[in-house]
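The values are calculated or read from the model by the stated rules, or taken from the named source; none is laboratory data. From a predicted model like this one, the values you see are computed outputs, not experimental measurements. Heads up, the Cβs are rebuilt from the backbone with ideal geometry, glycines too, and the neighbour counts pull from every protein chain shown. Surface accessibility is based on the protein's heavy atoms, side chains included, excluding ligands, DNA and RNA. Shrake-Rupley method; radii C 1.70, N 1.55, O 1.52, S 1.80 Å.
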Amino acid sequence: MKTTALRTLGLALAVSVVASPAQAGPFDKLRKKAQEIEKAADDAKTAAEAAETVVDAAKRGARPGATTSLGSPLSGVRAVDGSVPGGRNNPKTAGSGNYAGRAPAAPAKYASLTKCANLNIGNAFVAQTGDYTFQQGLSTETRGGLIDREPVSLDGCTAPGMGVGDVLYVEVDAAKYDKHRYALQCVAFDGSQQLDNVNAPRENNYTGKDVMLHTGNSLGYEPTASGSNSDRSGAYDAYLAKRGRAMITFNMPGLHTDKSGTDFYCQHYDKATGKSALAFTYRRGPVDRQGRR
């Protein structure tokens, strides 16, 4: 560990100060030197943790302006209760009454056009992004991932309706799924809007470490793995590969000007065959369930 190495270096420096007559001095000088080295070690550890959290948030599609408990500016990082410490997402300061809710089932005119690809789709759930905790010795560690998971049943390849902030996770047969063949189309129920790549739900913002939480996690989700975010992502990739599966995720964005909410039907379809790997509806609105924009 970097912290242990720095503390060991500090002890070596302190001993060298005592051993050298030219540098010998009152005990308060030794104590001050040791405290300086100790602070440098703690600062290095904090900086490393903050950097990992920033990278983690960026991969999750972070929104600017929020802060972590470490005080680093970023977005998309939430406490267990869904708030962003010190940010506008704090439950005490978040706006209320603007959550537009979840979309209903797709209108028949769209549902009838959906032809499912035979990808053996399953293991679906809808989740939120947020923080969880686990014990590391005497320390309580915090990591981010997919929390508040709700297992859902698919109607063929069509998932239930979702709202702003929801994340849809599904698995498909890896041997039959070539993600490069697929594109996402989203159209408003009334046909008035089509969403482009910038404004449509974001695809595959999440990796294995968001699904395979750390062993001993406070939410009790399984399977789990220990180690860094990278270690857990690798472990989950291996877990999927062993089962011959591939994961697909979509997260539902909001639009601050869409006060009343707009319902969309989306399909993740094969551009060559026109068949869908996945279809879903979502209601766009200004905020998610916790008042986050």
*Kindly report the accessible area of the stretch 157-293 per residue (heavy atoms of protein chains, probe 1.4 Å, no ligands, DNA or RNA), in Å².*
42
*Compute from the Cα atoms of the stretch 119-276 the Rg and the Dmax, the latter being the longest Cα-Cα distance, and quote both in angstrom.*
17.0, 56
*Applying the Karplus parametrisation 6.51 cos²θ - 1.76 cosθ + 1.60 with θ = phi - 60° to the phi angles of the stretch 276-293, what ³J(HN,Hα) value in whole Hz is obtained for each residue in order, glycine and proline being reported as x?*
9, 6, 7, 9, 6, 10, 8, 9, 7, x, x, 9, 8, 4, 8, x, 7, 8
*Accessible area per residue, Å², the stretch 114-154 with all protein chains present, probe 1.4 Å*: 47
*Taking K and R as +1 and D and E as -1, what net charge do the other residues with C-beta under 14 Å from the C-beta of Phe280 add up to?*
-1
*Where the accessible area of the stretch 187-293 is counted over protein heavy atoms with a 1.4 Å probe, how much of it, in %, is carbon and sulfur?*
46
*Translational diffusion coefficient (Stokes-Einstein; Kirkwood radius from C-alpha pairs) of the stretch 195-293 at 10 °C, 1.306 mPa s, in µm²/s*: 99
*Sort Phe264, Phe189 by accessible area with a 1.4 Å probe, largest first.*
Phe189, Phe264
_Rounded to the nearest 10 Å², what accessible area does His180 have for a 1.4 Å probe in the complete protein model?_
140
